[in-house]
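Structure, as structure tokens:
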Amino acid sequence: MKQYLTYLKGDPVIWIITLLFLAISILSVYSFIPILVKTEGGSPFSYLSKHFIYILLGFLAMFWIHKQDPKYVSKLSKFALYLSIGLLIFTFFFGVRVNEASRWVRVPIIGLTFQTSDLARLTLLIYLSRTLVLKEQLLDNWKEGFLPLMLPIIIIVGLIAKDNFSTAAILFLISVVLLFIGRVPISKLAITIGSGLALLGIVILIHLAVPALNLLPRFDTWMSRFFKAYGENVEVVNNAQSINAELAIHNGGYFGVGVGNGKLKQYLPEAYADFYFASFVEEFGLFLAYGLIFLYLILFYRILRVGLNASKMFETFVCIGIGLIILSQASINMMVCTGLIPVTGQNMPFLAMGGSAMIMSCISLGIVQSIARKNNEPDNKVVKDPSSSTIN
């Protein structure tokens, strides 16, 4: 292992955890896809092959990016943001609809789908990190400092919210946390949060008053999921997903029923994605599930460590944002499977089956590793100046 890690610069612990996650993903996804074969047809091997290709593409992207200077990530942030907004608008009107949601675009020629919110989420946090540094002396100024930060948040979160409210809400909260860490005045953050909630309330009222506008096409789905999670006297048939997820965890016990022997995964839609944690516990057991949680916490700690050791504030902000994205996704998937929160569309980073999610997660860690590689270079062992606006 040590010999191979010589080719992988940056934080060795992050590399080891990533490789371990990808290996677990291959094994577990192959075991968790019976429901997909049953509903969509095909063979388990064909889905596994497709998943392996995404893993390979993701790892190659991570390896290539970690060799680059982080300054190029900063310089490309504005272009990437505009590209993400354009793709979100395209998805809004012409996206591929799956489960009543238009979240994907189909890549020409190869025919694969790509979830545009995965790209937009990362590019927004990179852009915010850059802008926080550039505008650090102007954060008290509404026009020159605050609006350049808030406008992209409003646009991207608004475009995502129509068909993926959970992702939009998480991205909004992480953005607010990043602004807080970047020393944006609390009064402005309070106004932002209040305005966001008020705007959401107005949109909901308009949707209820004028249903023909269809401003929130998934509003009934959101409310149904909320009442299924917290309502009283909910019929079992209407809450089968959550009940089966909890039964799968119960069935797994401490040691699990063994890989491939899970029964409830055959009745869990998205057992390989949205309900990944429940399927994992059923087959691998609670002890290994605790180990999985521990790996995510270590990964989060190492990402923060890389960011705090960086010589530039831009790199610190980027690492914090990426770490929060990964940890929040994993935490929400676990809380959904254990019945703590309503069902959402958040899967397990690096583990669940998914094309764009897997690739963008690997790209995110590639950026972190490029910063870690730079930190390890002898001529970069410098003390970070919090007041410096240098980002290159």
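The values are calculated or read from the model by the stated rules, or taken from the named source; none is laboratory data. All figures in this text were calculated on a predicted structure; none of them were measured in a lab. Because the Cβ atoms are built from the backbone with ideal geometry, glycine has one as well, and the counts that use them run over all protein chains shown.
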Tell me yes or no: at least one residue of the range 63-83 is surrounded by 16 or more Cβ atoms within 10 Å (Cβ to Cβ), aliphatic (A, V, I, L, M), in a helix (DSSP H, G or I) and more than 19 Å from the chain's Cα centre (by Cα).
no
Checking Leu200 against (1) more than 28 Å from Asp274 (Cα to Cα); (2) more than 21 Å from the chain's Cα centre (by Cα), the condition it does not meet
(1)
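Just to be sure I understand, how many residues within the range 169-184 are part of a helix (DSSP H, G or I), of a type outside the set (Phe, Trp, Tyr) and crowded, with 20+ Cβ neighbours inside 10 Å?
Taking the range 169-184 first, the residues part of a helix (DSSP H, G or I) are 169-181.
In the following step, the residues that additionally are of a type outside the set (Phe, Trp, Tyr) were identified as 169-171, 173-179, 181.
Checking which are crowded, with 20+ Cβ neighbours inside 10 Å leaves us with 170-171, 174-175, 178-179.
Total meeting the criteria: 6.
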What's the total number of residues in the range 153-162 that are in contact with a Phe, Trp or Tyr (Cβ under 9 Å, 6 or more places away or on another chain), outside any loop (DSSP other than H, G, I, E, B) and not β-branched (Val, Ile, Thr)?
2
Among (1) at pLDDT 85 or above; (2) part of a helix (DSSP H, G or I) - the single one Phe92 does not satisfy:
(1)
Quick one: would you say Leu200 is in a loop (DSSP other than H, G, I, E, B), at pLDDT below 85 and at negative phi?
no
Tally the residues that are assigned to a helix (DSSP H, G or I), at pLDDT below 95 and over 20 Å from Thr18 (Cα atoms), restricting the search to the range 317-340.
3
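This table checks each residue for (1) part of a helix (DSSP H, G or I); (2) buried (at least 17 other Cβ atoms within 10 Å of the Cβ); (3) modelled with pLDDT of 85 or more.
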| position | (1), (2), (3) |
| --- | --- |
| Leu139 | no, yes, yes |
| Leu151 | yes, no, yes |
| Thr167 | yes, yes, yes |
| Gly196 | yes, yes, no |
Quick one: is Thr131 part of a helix (DSSP H, G or I) and at pLDDT 90 or above?
yes
Take the range 262-316 and flag every residue that is assigned to a loop (DSSP other than H, G, I, E, B) and either of a type in the set (Phe, Trp, Tyr) or farther than 30 Å from Leu179 by Cβ (or both).
Gly262, Lys263, Leu268, Pro269, Glu270, Ala271, Tyr272, Ala273, Phe275
Residue satisfying condition, being of a type in the set (Gly, Ala, Ser), in contact with a helix residue (DSSP H, G or I) (Cβ under 9 Å, 6 or more places away or on another chain) and more than 24 Å from His51 (Cα to Cα), within set Ser279, Ser242:
Ser242
Within the set of pairs 6+ apart or on separate chains, which have a first residue in the range 278-289 that is closer than 20 Å to Tyr267 by Cβ, a second that is hydroxyl-bearing (Ser, Thr, Tyr) and outside any helix (DSSP H, G or I), and C-beta atoms under 6 Å apart?
Gly285/Tyr254
Can you list residue pairs whose Cβ atoms sit under 7 Å apart, with the first residue in the range 248-274 being farther than 17 Å from Asn347 by Cβ and at pLDDT below 85 and the second being surrounded by fewer than 20 Cβ atoms within 10 Å (Cβ to Cβ) and hydrophobic (A, V, I, L, M, F, W, C)? Count only pairs 6 or more apart in sequence or on different chains.
Leu264/Leu247; Gln266/Ile35
Could you please give the count of residues in the range 33-54 that are part of a helix (DSSP H, G or I) and under 24 Å from the mean Cα position of the chain (by Cα)?
10
Counted residues in the range 354-392 being modelled with pLDDT under 90 and either at positive phi or out of contact with any Leu (no Cβ under 8 Å at 6 or more places or on another chain) (or both) come to 17
State which residue pairs qualify: first residue without any contact (Cβ under 8 Å) to a residue 24 or more places away in the chain and inside the range 335-357, second residue assigned to a loop (DSSP other than H, G, I, E, B) and surrounded by fewer than 24 Cβ atoms within 10 Å (Cβ to Cβ) in any location, beta carbons under 7 Å apart, and separation of 6 or more residues or different chains.
Met335/Ile341
